[in-house]
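Participant: Here it is, the structure, as structure tokens.
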Amino acid sequence: MSTTTLRIEELDDRVVVTLSRPSARNAMNAAMVGELHDVCAALEERPRLLLLTGDGGTFAAGADIGELRERGRDQALRGINSRVFDRIARLPMPTVAAVDGYALGGGAELAYACDVRLASPSAVFGNPEPGLGILAAAGACWRLRELVGASVAKQVLLAGKRLDAEDALRFGLVAEVAPAGELLKRAHALLDRMARSGALALRLTKLVADAPGGHPIADDLAQAILFESADKRDRMDAFLAGGRS
Ligand code: COA
């Protein structure tokens, strides 16, 4: 995959994507959105775990304001950022965002679209969009509420509150805070734990966990698929034989 705004490392069980436009604090321009779509296409084709991070001590400073300024109603209706974030949220296998430094605007929304977030002590999440005369339309207005509750979400969305790493940990937005130098190691350790589970079990768990409302039938159907898998029998045989995984 040839890219100009992302660095991509493909491993057997995971893909590591680094947002890399350091001169613009990794602001997401159209090229980056296109390249993220290419990453999604590759992960839909061959499901693997995803680790997303940013270059140069910043996760991402939002959508590229130079491009945003020129967009009108029709571009907004195309959901340029919301569609790629939704695609990331619906990737078959779990996704982890490792956030060092600023995750603002669309950068924050990208992190919200991941399944789990880790932060360095310098992480800052915020949605300053109303200050630019627009709203955070790529998921913050509903994903953030699901992640931290309406009270905190409205402080971020309406009062410009920025969540530092300590806030983010306290509100459950991030799973862990680790020194910047260890952040990727911790993220890989988390992905290693995930990778030890059955791949199909993880995939179906993510699918049903993201289904809205109560969904016992979907859970039963997913379980029925897993109960027929050789992987389930092998894992349970190994447990019963004493080889704990
Ligand atoms: N879009 C386009 N360019 C951006 C950008 C964005 N979202 N965020 C930063 N940049 C550019 C700056 O214009 C600057 O470019 P220049 O060197 O050509 O002047 C460069 O990145 C460095 O930014 P700077 O503001 O000097 O860095 P900083 O470390 O002082 O501050 C931020 C970092 C992230 C706090 C600050 O850049 C910022 O507030 N960015 C905008 C955040 C935002 O409102 N995002 C929501 C967009 S919807």
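Participant: Amide H to amide H, which residues 5 or more places from L6 or on other chains are under 5 Å from it, using H placed in the peptide plane?
Facilitator: HN-HN under 5 Å from L6: S20.
Participant: For segment 1-139, what relative contact order do you get, as a whole percent, if you take Cα pairs closer than 8 Å and at least 6 residues apart? Each step should come with its number before you reach the end.
Facilitator: Numbers: 262 pairs, mean separation 32.0, N = 139.
The value is 23 percent.
Participant: Would you mind calculating the gained length between E182 and D219 on full extension (0.36 nm times residue separation, minus the Cα-Cα distance), in nm to one decimal?
Facilitator: Working it through step by step, the gained length comes to 9.7 nm.
Participant: At 1.4 Å probe size, with every protein chain present, just tell me what the per residue accessible area of segment 177-231 comes to in Å².
Facilitator: Ligands and nucleic acids excluded, the result is 64 Å² per residue.
Participant: A further question on this structure: By per-residue mean of other Cβ atoms within 10 Å, what is the highest-first order of 111-118, 220-227?
Facilitator: 111-118, 220-227
Participant: Okay, moving on. Near the amide H of A60, under 5 Å away, which other amide H atoms are found, from residues 5 or more places off or on another chain, if H is placed in the peptide plane?
Facilitator: A103, L104
Participant: Taking the Cα centre of each part, how many Å lie between segment 75-98 and segment 26-69?
Facilitator: When both Cα centres are located, 9 Å separates them.
Participant: Additional query: When we measure straight from the Cα of K232, which lysines land under 24 angstrom away, once same-chain ones fewer than 8 places off are left out?
Facilitator: Correct list for K232: K206.
Participant: As I understand it, the value is the acute angle between the Cα axis of helix 80-89 and the longest principal axis of the Cα atoms of the chain; what does it come to in degrees, rounded to 10?
Facilitator: With rounding to tens, the tilt is 20 degrees.
Participant: Using a 1.4 Å probe over the heavy atoms of the protein chains, calculate the carbon and sulfur portion of the accessible area of segment 89-245 as a whole percent.
Facilitator: Accessible surface attributable to carbon and sulfur in segment 89-245 totals 59 percent.
Participant: For the chain, what does -39500 (n - 2.57) per DSSP helix run (n ≥ 4), summed and divided by total residues, give at 222 nm, in deg cm²/dmol to the nearest 500? Please list the in-between numbers first.
Facilitator: On the way: 12 runs with 115 residues, N = 245.
Computed mean residue ellipticity for the chain: -13500 deg cm²/dmol.
The values are calculated or read from the model by the stated rules, or taken from the named source; none is laboratory data. Note that the structure is a prediction, hence the values are computed from the model and not measured. No Cβ is skipped: glycine too gets one built from the backbone with ideal geometry, and neighbour counts run over all protein chains shown. What goes into the accessible areas is simple: the full protein's heavy atoms, side chains included, and nothing from ligands, DNA or RNA. Shrake-Rupley method; radii C 1.70, N 1.55, O 1.52, S 1.80 Å.
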